[in-house]
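Novice: The structure is given below, and queries will be raised subsequently.
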Amino acid sequence: MPQTFARSPIPGKAKVMSRPYQDEPPILLHLHIPKTAGMALNECIFQIYRTEDWAEDEEGLISGVYYYPAGIDPDTTSSEKAHNILSTHHVRAVVGHFAFGLHEWISRPCKYVTLLRQPVDRVLSLYHHIRKWDNELLHDEVVTRDLSLIEFVQDVDFAELDNGQTKRIAGVRPGIGKCDRDMLEQAQRNLTNHFAVVGLTERFAESVVLMKDRLGWSSVPRLRWKNVNPFRPCRDVLPPETITAIVNKNKFDLQLYAFAERQLLEQIEEEGARLQYDFAMVKQSLEEQAPAI
């Protein structure tokens, strides 16, 4: 059986079963998949969910928004302190690189949101992000060996390169090459049954406007691209063999992305007339910035 991400990260600690805070507003959980424009969404969420008074503690709780201590590496496990914070009534939103299942540790109702990204673009962005930042996992290996993108994909055992979106949404952690159709179908069920909005990086403006509508936000905050790399090449210039190598490791992510894209486009079509003004204004703001994510 594959290991789950967030269902039992603390040995000997039971999951929360009682729900004493059912009458309180749901906690928003932003399941931040690496390199999907999640930092920009995190900033948006902070603007909406922060309390009026600035309050920050050393554990990552800032004015009601909890920055969950899970790194880009899915093997990162959280501390018991993190789960103690999640059990308090001070938390209004949680953002971070956790996986599906975090709600099982929270006694209050929760709503998930996330962004998915076209898998080839995401791996390309991840590679250049790791090369750029010396504090990232694998930076020394990639830079010292001067790995090309195709060498990075084929030679490095890194879970994010192997259907990372599917596994994170399914809430499982199988070994490299062990993702299967059952996990894809579990991820699809989770998106359908547990997520208020499943957005796309490529449709970031519409995704955030739909979150505003579905989650009852009073307005859409000014959005800013975050953590971008203006020197990253686009997918169109990649050699065919490199694209093939990425696709071979992400066939379930491609199917999950197509599933989410169909859902999102249907929602945009249904709500397009009513939300047309918000769509246009947010799109214009983002297009003026035109980053490489």
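The values are calculated or read from the model by the stated rules, or taken from the named source; none is laboratory data. The shown structure was predicted, so the numbers you read here are calculated from the model rather than taken from an experiment. Please note: Cβ atoms are built from the backbone with ideal geometry, for glycine as well, and neighbour counts cover all protein chains shown.
Novice: Could you grab me the full set of residues in the stretch 250-271 that are closer than 20 Å to Leu124 by Cα, surrounded by 17 or more Cβ atoms within 10 Å (Cβ to Cβ) and of a type in the set (A, V, I, L, M, F, W, C)?
Specialist: Phe252, Leu254, Leu256
Novice: Could you check the stretch 121-174 and list, in sequence order, the residues that are in contact with a Ser or Thr (Cβ under 6 Å, 6 or more places away or on another chain) and more than 17 Å from Phe98 (Cα to Cα)?
Specialist: Correct list: Leu149, Ile150.
Novice: What single numbered condition from (1) at pLDDT 95 or above; (2) among the small types (Gly, Ala, Ser); (3) not in a helix (DSSP H, G or I) fails to hold for Ala187?
Specialist: It fails just one condition, (3).
Novice: To continue, here is another question. Would you mention how many residues in the stretch 103-157 are of a type in the set (S, T, N, Q), within 22 Å of Ile243 (Cα to Cα) and not in a helix (DSSP H, G or I)?
Specialist: Number of matching residues: 2.
Novice: Would you check which residues across the stretch 115-138 are more than 16 Å from Asn163 (Cα to Cα) and either polar (S, T, N, Q) or touching a Lys or Arg at 6+ places or on another chain (Cβ under 7 Å) (or both) and list them?
Specialist: Passing the criteria: His128, His129, Asn135.
Novice: Going residue by residue through the stretch 80-88, is there one that turns out to be within 19 Å of Ala196 (Cα to Cα) and either modelled with pLDDT of 95 or more or touching a helix residue (DSSP H, G or I) at 6+ places or on another chain (Cβ under 8 Å) (or both)?
Specialist: no
Per-residue answers, yes or no, for (1) surrounded by 19 or more Cβ atoms within 10 Å (Cβ to Cβ); (2) free of Cβ contacts under 8 Å to residues at least 24 places away in the same chain; (3) touching a Cys at 6+ places or on another chain (Cβ under 7 Å):
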site: Trp133; (1), (2), (3): no, yes, no
site: Val153; (1), (2), (3): yes, no, no
site: Asp157; (1), (2), (3): no, yes, no
site: Asn163; (1), (2), (3): yes, no, yes
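Novice: For the stretch 190-202, how many residues meet the condition of being in a strand (DSSP E or B) and closer than 14 Å to Gly101 by Cα?
Specialist: Residues flagged as in a strand (DSSP E or B) and closer than 14 Å to Gly101 by Cα within the stretch 190-202 amount to 1.
Novice: Within the stretch 166-183, which residues are more than 18 Å from the chain's Cα centre (by Cα), among the basic types (Lys, Arg) and surrounded by 15 or more Cβ atoms within 10 Å (Cβ to Cβ)?
Specialist: Listed by number, the list is empty, since nothing qualifies.
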